[in-house]
Amino acid sequence: MLPEVTAIRYVTPLREGGSVPGIVEADDLGTYVAKFIGAAQGRKALVAEVVCGELARRLELRVPELVRLDFDPVIALGEPDTEVQDLLKASGGLNLGMDFLPGSVGFDPLAFEVAADEAGRIIWFDALVNNVDRSWRNPNMLIWHRKLWLIDHGAALIWHHNWNGAQSSAARPYDATDHALARFVSAAEVAEAAAELAPRVTDALLREVTALIPDEWLLDEPGFDTPDAVRRAYTEVLSGRAATIQDRILLSAPPKKADAPPEWLRTWVEGKAAGSQQEGPR
Ligand SMILES: Nc1ncnc2c1ncn2[C@@H]1O[C@H](COP(=O)(O)OP(=O)(O)OP(=O)(O)O)[C@@H](O)[C@H]1O
Ligand SMILES: [Mg+2]
């Protein structure tokens, strides 16, 4: 089970996040970014945070510690924004906490160099979990103590929103052309990352990771009898994907078909080739 803490002070909303996470202090004296169960993104965003965050950690990618965060909206009655109040009131009980990295700054691909092997591993991992939310426009990575940390996996595992089509959706290519780290790698590093990481994504590892999803977030999933049945479905899709995704990672846009040369150029070139004295345009 993930460690469990109780929020004792609501500090501030993080308005730059679409789901308006909040900074809270907890009874273990830690400070956490709270991802709220009452947010529009729903409980599956929290499931994706747990599955992807804990899987990434086991593949030795840096992710801040995740905790089960017990939140009582009564501690936040002083929050003046009524929309934030509505969110907090809808989030009593179990939420997700992520260790707050004080003094971290958002990653900027033009200001921070990333080693090709690390970038390759992150791109392969994002392909595995179908993370479409790490583009250069919205990198969802932090620099902390001069190292790169991964955050915000709530939009990954897109196929868990429609389990009937999960296997076929998971078989689609992963477009990494807009990925924030695309400029640091070539296909060779991504292939090396795949060779290193794919064999580590075993069923045993996926069972260990999915066991960390709180039962509460898996109950009443249409088409499944028990939380464990949902966990098995995550394991199956991810395990299939780990074996094959490398072949479907798109790193650069296919070259555009060249436009046909203008008529004058074609005639001129043909004329030259035929040894004629025809002149080009002035
Ligand atoms: N662990 C952390 N430590 C420090 N700052 C953080 C941490 N997690 C998130 N933040 C800050 O809060 C912002 C919002 O967090 P996050 O991206 O997880 O929220 P979101 O609502 O899922 O966002 P999005 O709009 O990208 O979907 C981040 O861009 C970052 O500035
Ligand atoms: Mg974000």
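Any read-out appearing in this document is the output of simple, stated calculations on the displayed coordinates, not a laboratory observation. From a predicted model like this one, the values you see are computed outputs, not experimental measurements. Methodologically, a virtual Cβ is constructed for each residue, glycine included, from the backbone with ideal geometry; neighbour enumeration extends over all protein chains shown.
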statement: The extension gain from residue 58 to residue 224, computed as 0.36 nm times the residue separation minus the Cα-Cα distance, is 57.0 nm
message: Just to confirm the filter: which GluC sites (Glu not before Pro) across region 66-134 are DSSP coil and have at most 15 other Cβ within 10 angstrom of their Cβ?
response: 113
- prompt: For the charge dipole of region 88-180, defined by +1 on Lys and Arg C-beta atoms and -1 on Asp and Glu C-beta atoms about the Cα centroid, which residue among 105, 154, 129 has the Cα displaced farthest towards the positive pole?
  reply: 154
query: Hey, fewest Cβ within 10 Å first, where do 99, 86, 133 land in order?
result: 86, 99, 133
task: Report the label-to-label distance for residue 11 and residue 232 in nanometres (one decimal), using points 7 Å from each Cα along the Cα→Cβ vector.
output: 4.3
field: Pairwise label distance in nanometres, residue 31 with residue 195, each label 7 Å out on the Cα-Cβ vector
entry: 4.4
Most mobile of 38, 17, 120 in a GNM of the chain (Cα contacts under 10 Å): 17
query: So if R0 is 35 Å, what FRET efficiency would residue 105 and residue 215 give, r being the distance between their Cβ atoms, rounded to the nearest 0.05?
result: 0.45
query: By the gyration tensor of its Cα atoms, with a ≥ b ≥ c the square roots of the eigenvalues, what is the shape of the chain: rounded for a/c under 1.5, prolate for a/b over b/c, or oblate?
result: prolate
- line: The simple spin-label model distance between residue 175 and residue 162, using points 7 Å out along Cα→Cβ, in nm, is 1.6
field: Relative contact order of the chain, pairs being alpha-carbon contacts under 8 Å that are 6 or more residues apart, as %
entry: 18
In degrees, nearest ten, helix 227-244 long axis to first principal axis of the chain (Cα): 20
